[in-house]
Every structure is written in structure tokens, then in C-alpha cells.
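K.L.:
Here it is, the structure in full.
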Amino acid sequence: MGMDVYGCKPDSDAGKYFRANVWSWRPIHALIIELCSDLLDEKTLEELGYNDGAGPPDQETCTKMASRFELWVEHHVQGLELDIPGIRIKEDGAFVTEEEIAENPDMETKSPYEVQDEHLKEWIEFLRHCGGFEVC
């Protein structure tokens, strides 16, 4: 399961479609809220967390979003991992309960909510060419 993002008026193949699984969309959505809350109204910002067609309808907004993401990526080349309390995985991807962590406090875990630098660069390229978008 994931988020399918479709360009409204793409000017190239890069702007036609962007896909993010549920684990990578949440950090992207968090960055949209952090970086672009002055470009999108509160309702749209919230609805971008669901796949019901929300998104900015114009290229001008998407270009501004792309520029802000690009600047962020320049300073965060490792991507983004969201630390959500109560949701942890081992390196092999297996979920870990809070009880297991309490029993093994030295266990190495990480958040499953992460987006890598390359995926963010694909998102930026999509934004630069989509002509507005809808999350479906």
C-alpha cells in the first residue's frame, strides 16, 4: 500500500507519476508540512496524508515546493527518518514490541518511517514537472 501521486498537467514523464509507500510518504508529508505550510492551506496539508485526491492544482506552487525540498536535501543528504514512538523495527525489517525493547534495552532498532535522499530527489523532479498534483 502506498500513495500514488499524479501530475495534473505534466510537461515531461518525470511529472506524470510519483509513488511512495506508506513508510516513505509519511516523512515526505511531514516535510511538506514543515517546509510548505505557507504555500498550502491547512485542509490541503492534512488531506495530503490520505489518498483522496488532495494537492496543489498549479505548477507555481509545486515549483516553490521543489525549491524548498531541494534546499532541505542539500543539507540532509541522508534523507529523513521519523521517530514515531511505539513503532520500531530491527535492521531486517521485523517489527519490535515495546516489551521486547524493554527486555533488551541494547537492541538496535529504527523507525520504519524513512525516505532516502534519492527518493526525495525523484519527488523534487516530479514537483518541477507535474503542473500541480493529486494524491490518490
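K.L.:
Could you go through the range 21-29 and let me know if any residue there is surrounded by 12 or more Cβ atoms within 10 Å (Cβ to Cβ), assigned to a strand (DSSP E or B) and in contact with a helix residue (DSSP H, G or I) (Cβ under 9 Å, 6 or more places away or on another chain).
P.N.:
Taking every residue of the range 21-29 in turn, none turns out to be surrounded by 12 or more Cβ atoms within 10 Å (Cβ to Cβ), assigned to a strand (DSSP E or B) and in contact with a helix residue (DSSP H, G or I) (Cβ under 9 Å, 6 or more places away or on another chain).
K.L.:
Does D13 qualify as being closer than 17 Å to K121 by Cα, charged (D, E, K, R) and open to solvent by less than 50 Å² (accessible area, probe 1.4 Å)?
P.N.:
It is false that D13 is closer than 17 Å to K121 by Cα, charged (D, E, K, R) and open to solvent by less than 50 Å² (accessible area, probe 1.4 Å).
K.L.:
Still on this structure: Pairs needed: first member in the range 14-30, more than 15 Å from I87 (Cβ to Cβ) and touching a residue at least 24 places away in the same chain (Cβ under 8 Å); second member anywhere, open to solvent by 10 Å² or more (accessible area, probe 1.4 Å) and assigned to a helix (DSSP H, G or I); C-beta distance under 7 Å; at least 6 residues apart or different chains.
P.N.:
Filtered contacts from the range 14-30: A14/E125; A14/H129; G15/H129; F18/E122.
K.L.:
Answer with yes or no whether K43 is among the charged types (D, E, K, R), open to solvent by 100 Å² or more (accessible area, probe 1.4 Å) and not in a loop (DSSP other than H, G, I, E, B).
P.N.:
Judged against the criteria, K43 is a match.
K.L.:
Give me the pairs, please: first residue somewhere in the range 118-136 and open to solvent by less than 70 Å² (accessible area, probe 1.4 Å) and in a helix (DSSP H, G or I), second residue anywhere and at pLDDT below 95 and not hydroxyl-bearing (S, T, Y), beta-carbon distance under 7 Å, and either six or more positions apart or on two chains.
P.N.:
Taking only residues 6 or more apart or on different chains, the pairs are L120/G79.
K.L.:
Shifting gears a bit: For I89, state whether it is in contact (Cβ under 8 Å) with a residue 24 or more places away in the chain and out of contact with any helix residue (DSSP H, G or I) (no Cβ under 7 Å at 6 or more places or on another chain).
P.N.:
Against the criterion (in contact (Cβ under 8 Å) with a residue 24 or more places away in the chain and out of contact with any helix residue (DSSP H, G or I) (no Cβ under 7 Å at 6 or more places or on another chain)), I89 does not qualify.
K.L.:
What is the residue count in the range 39-90 for residues that are modelled with pLDDT under 95, under 17 Å from the mean Cα position of the chain (by Cα) and at positive phi?
P.N.:
2
K.L.:
Looking only at residues in the range 101-117 that are assigned to a loop (DSSP other than H, G, I, E, B) and exposed (fewer than 11 other Cβ atoms within 10 Å of the Cβ), which one is modelled with the lowest pLDDT?
P.N.:
My answer is P105.
K.L.:
Right, next: Can you name the residue in the range 68-100 that is among the β-branched types (V, I, T) and within 28 Å of L127 (Cβ to Cβ) and is also most open to solvent (accessible area, probe 1.4 Å) among such residues? Lay out the reasoning, then the answer.
P.N.:
Taking the range 68-100 first, the residues among the β-branched types (V, I, T) are 73, 77, 84, 87, 89, 96-97.
Of the ones still in play, those that are also within 28 Å of L127 (Cβ to Cβ) are 73, 77, 84, 87.
Numbers: V73: 11, V77: 100, I84: 34, I87: 48 Å².
Per the criteria, the residue is V77.
K.L.:
If you check I33 against the conditions, is it at pLDDT 95 or above, of a type in the set (V, I, T) and on the phi < 0 side of the Ramachandran plot?
P.N.:
Working: at pLDDT 95 or above: yes; of a type in the set (V, I, T): yes; on the phi < 0 side of the Ramachandran plot: yes.
Taking the combined requirement at face value, the residue satisfies it.
K.L.:
If T61 meets every condition in (1) in contact with a strand residue (DSSP E or B) (Cβ under 9 Å, 6 or more places away or on another chain); (2) touching a residue at least 60 places away in the same chain (Cβ under 8 Å) apart from one, which number is that one?
P.N.:
(1)
The values are calculated or read from the model by the stated rules, or taken from the named source; none is laboratory data. All values derive from a computational prediction rather than experimental measurement. Neighbour counts are summed over all protein chains in view; Cβ atoms, including those assigned to glycine, are modelled from backbone coordinates with ideal geometry. These area figures cover heavy atoms from the full protein model, side chains too; ligands, DNA and RNA do not enter into them. Shrake-Rupley method; radii C 1.70, N 1.55, O 1.52, S 1.80 Å.
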